[in-house]
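Student: Take this structure first; my questions come after.
The numbers here are math on the coordinates, done by the rules we state, and not lab data. All values reported here derive from a predicted model rather than from experimental measurement. Because the Cβ atoms are built from the backbone with ideal geometry, glycine has one as well, and the counts that use them run over all protein chains shown.
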Amino acid sequence: MTPEYFLNDNVVFLAKDLLGKYVFTMIDGQLAGGMISETEAYCGTNDRASHAFGGRRTKRNEMMYARGGVAYIYLCYGMHHMLNFVTNGQGTPDAVLIRGIIPTHGEELMLRRTGKTQGSLALTDGPGKVCKALGINMQLNGVSLNSDILWVEDRGVVIPSNQIAAGPRIGVDYAGEDAKLPWRFFLQNANENKCGR
């Protein structure tokens, strides 16, 4: 993906458009990755569900304000890493949370990382699972999405609109009306039975 792709000022469009794209990591010489199957959009300072709501800037969320095209990694509940793609221009804290992928490369490696013995979509059907399977931790916070360690590819997969579902984001009940926004996108055939995970 070109760096310009992530500078798009419509984060909701990008969250939907990223379905069918591929994300990869190369950690300690080991490749792992898959096709993005579920995302959530977080839109700047007016989105009550966003870490940057109201213009909040902290050590934790500072990377959200970077120029689009880098990873924003944070720790959830002190144990689960979350991978976000920063979008839009410098100073506008938009980001897309990667909630799920369909493993295509390095599945044996993902099984070892997650302590599983059998591969399935459940291996990477949640944002914490994605990071664990891909070997992502806080050391990748701020890394380019076009780097040798972490990158995104467009492999020409076109997802028909009737295979894409939208719904409210998960775990953001505190956001009031914004919690109801249909800014979570997922592939019907991959995630239709995985809502809430």
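Student: Could you work out the local net charge near Thr124, counting Lys and Arg as +1, Asp and Glu as -1, over the other residues with Cβ closer than 10 Å to its Cβ?
Tutor: That sum, taken over residues with Cβ under 10 Å, equals 0.
Student: With θ taken as phi - 60° and the coefficients 6.51, -1.76 and 1.60, list the Karplus ³J(HN,Hα) couplings across the stretch 97-108 in order, rounded to whole Hz; mark glycine and proline as x.
Tutor: With the stated coefficients, the stretch 97-108 comes to 7, 8, 8, x, 9, 9, x, 10, 9, x, 5, 4 Hz.
Student: Nearest 0.05, what FRET efficiency do Met79 and Thr114 give at R0 = 22 Å with Cβ-Cβ as r?
Tutor: Values: r = 14 Å, r/R0 = 0.62.
Taking R0 as 22 Å, the efficiency between Met79 and Thr114 is 0.95.
Student: Okay, next question. For each pair in Lys59/Lys129; Lys16/Lys116; Lys116/Lys180; Lys16/Lys180, compute the distance between the two Cα atoms and list the pairs where it is over 27 Å.
Tutor: Over 27 Å Cα-Cα: Lys16/Lys116; Lys116/Lys180.
Student: Mind pulling the per residue volume of the convex hull built on the Cα atoms of the chain? Å³ is fine.
Tutor: Each residue corresponds to 110 Å³ of Cα convex hull volume.
Student: Determine the calculated [θ] at 222 nm for the chain from helices alone, applying -39500 (n - 2.57) to every DSSP H run no shorter than 4 residues and normalising by the residue count; nearest 500 deg cm²/dmol.
Tutor: Details: 4 runs with 27 residues, N = 197.
When only DSSP H runs of four or more count, the value is -3500 deg cm²/dmol.
Student: Which semi-axis lengths, in whole Å and largest first, follow from the square roots of five times the eigenvalues of the Cα gyration tensor of the stretch 68-176? Numbers along the way, then the final one.
Tutor: Numbers: eigenvalues 94, 67, 60 Å².
They are 22, 18, 17 Å, listed largest first.
Student: Can you compute 3J(HN,Hα) from phi for each residue in the stretch 47-61, using the Karplus curve 6.51 cos²θ - 1.76 cosθ + 1.60 with θ = phi - 60°, rounded to whole Hz and x for Gly and Pro?
Tutor: Working through the residues one at a time gives 8, 5, 8, 7, 4, 9, 4, x, x, 4, 10, 9, 4, 5, 9 Hz.
Student: Rounded if a/c is under 1.5, else prolate if a/b is larger than b/c, else oblate: which is the stretch 1-82, with a ≥ b ≥ c the root eigenvalues of its Cα gyration tensor?
Tutor: oblate
Student: Follow-up question, since we're still on this one. Please report the net charge: other residues with Cβ closer than 12 Å to the Cβ of Ala66, K and R +1, D and E -1.
Tutor: It works out to a net charge of 0.
Student: Under 1.5 on a/c is rounded, so check that first for the stretch 24-67, then, if it is not, pick prolate when a/b is larger than b/c and oblate when it is not; a ≥ b ≥ c are the square roots of the alpha carbon gyration tensor eigenvalues.
Tutor: Note, shape of the stretch 24-67 comes out oblate.
Student: Quick one: which residues, 5+ away or cross-chain, put their amide H under 5 Å from the amide H of Ala32? H built at 1.01 Å from N.
Tutor: Thr25, Ile27
Student: Under 5 Å between amide H atoms, partner at least 5 residues away or on a different chain: which partners does Arg99 have, H built in plane at 1.01 Å?
Tutor: Residues meeting the amide H criterion: Glu38, Thr39, Glu40.
Student: Across the stretch 65-71, in residue order, what do the Karplus-derived ³J(HN,Hα) couplings come to in whole Hz, using 6.51 cos²θ - 1.76 cosθ + 1.60 with θ = phi - 60° and x for Gly and Pro?
Tutor: 8, 6, 5, x, x, 10, 8
Student: Further question on the same structure: Which of the aspartates and glutamates could be linked to Lys21 by a straight reach, that is with a Cα gap under 15 Å, when you skip same-chain ones fewer than 8 residues away?
Tutor: In chain and number order, the partners are Glu38, Glu40, Glu153, Asp154.
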